[in-house]
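In what follows, a single structure is set out as structure tokens and then discussed.
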Amino acid sequence: MTTLIDDRRVRARDASPARYFYFHMALACAATAFLGFAPTYWVPLAQRTFSASPVIHFHGLLFFTWSLYFVVQTWLAASGRVVNHRSLGIAGVSLATAMTIFGFLASVHVMQHSAALGQKDAGIAFSIVPMSGIAFFAIVFVLAIVNTRRPEIHKRLMLLAAVSILDAAIARWFLTFLAPPGPPGPPPVPVTIAPAVVASLLLVVAMVRDWRTEGRVHPVYIYGTLALLAVKVLNWPVSETAAWHSFAGGILALAQ
């Protein structure tokens with residue numbers, strides 16, 4: 001009986017409103033992902049007007065599943081169900097691995113589609129955006145797994161990983177409402193910087209929360225946000241180099 005009472009006290013303590021911060025952030029990430037792709041994917045898909053390669057559908061399914069998975073995991077952790085949280089973490093490793101694979105395959109598919117439209121060089125240049133994005137996600141996720149026994153680092157790395165893939169969803173709104181009319185094809189690499197900055201505002205919220213509750217901003221947020229923005233900004237000059245065109249063009253040649 002004493003053990004049961006102590007367990008309930010732990011559950012009550014762990015379920016305090018402050019511990020639900022990451023759950024609320026996960027909800028914000030999931031909502032951003034859904035609303036971002038609503039005008040270009042979910043709505044056309046519901047209306048049966050959207051047509052794409054199975055690779056793109058699997059890619060979208062896996063990434064949106066991730067946003068839901070992140071919500072469930074943060075809820076389990078916040079409500080004190082740590083054993084369930086850790087057990088489900090094994091599925092997260094498999095999901096993240098599949099995301100990395102299909103993220104790469106989707107990048108190759110975009111290059112193939114661009115080449116079919118007569119925009120091979122533009123497609124090769126743009127491919128750095130999804131490839132660097134999924135690479136950043138994978139690296140941060142691995143670091144989060146390595147730090148599972150250090151929860152303060154682990155949960156911040158998981159939030160960083162979740163935010164790092166939201167720029168694609170936010171970019172859909174930029175393209176839908178701000179892009180000028182023109183021929184279909186990959187957008188210029190520089191236009192992907194602004195959506196990444198907008199997505200990073202979620203990390204700013206987390207930094208403010210750290211400052212108010214801990215009196216300082218955790219290094220994961222500082223260095224992680226700087227690294228994320230550096231990758232997004234450096235995509236532009238790197239995408240124009242001969243080295244990148246040789247690398248990505250080689251991948252495209254192997255895929256054709």
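Take ALA28 and tell me if it is in a helix (DSSP H, G or I), touching a Ser or Thr at 6+ places or on another chain (Cβ under 8 Å) and of a type outside the set (Asp, Glu). Criteria not met by ALA28.
Output the residue which, of all residues in the range 225-249 that are open to solvent by 50 Å² or more (accessible area, probe 1.4 Å) and among the hydroxyl-bearing types (Ser, Thr, Tyr), is farthest from HIS109 (Cα to Cα). Among residues in the range 225-249 that are open to solvent by 50 Å² or more (accessible area, probe 1.4 Å) and among the hydroxyl-bearing types (Ser, Thr, Tyr), the one farthest from HIS109 (Cα to Cα) is THR241. Within the range 54-92, if we keep just the residues that are aliphatic (A, V, I, L, M) and within 14 Å of PHE37 (Cα to Cα), the residue that is surrounded by the fewest Cβ atoms within 10 Å (Cβ to Cβ) turns out to be LEU61.
Could you tell me whether the range 171-180 includes any residue that is small (Gly, Ala, Ser) and within 24 Å of ALA28 (Cβ to Cβ)? Taking every residue of the range 171-180 in turn, at least one turns out to be small (Gly, Ala, Ser) and within 24 Å of ALA28 (Cβ to Cβ). The requirement of being touching a Lys or Arg at 6+ places or on another chain (Cβ under 9 Å), within 20 Å of SER87 (Cα to Cα) and touching a residue at least 40 places away in the same chain (Cβ under 8 Å) is fulfilled nowhere in the range 126-140; no residue meets it. If you go through the range 215-256 and keep only what is of a type in the set (S, T, N, Q) and under 25 Å from the mean Cα position of the chain (by Cα), you end up with THR225, ASN235, SER239. Among the numbered conditions (1) modelled with pLDDT under 95; (2) surrounded by 15 or more Cβ atoms within 10 Å (Cβ to Cβ); (3) within 28 Å of LEU157 (Cβ to Cβ), the only one that LEU252 does not meet is (3).
The values are calculated or read from the model by the stated rules, or taken from the named source; none is laboratory data. Predicted model, so just to flag it, every value in this text is computed and none were measured. Counting neighbours? That spans all protein chains shown, and the Cβs are built from the backbone with ideal geometry, glycine included. Calculation scope for accessible area: heavy atoms of the full protein, side chains included, ligands and nucleic acids excluded. Shrake-Rupley method; radii C 1.70, N 1.55, O 1.52, S 1.80 Å.
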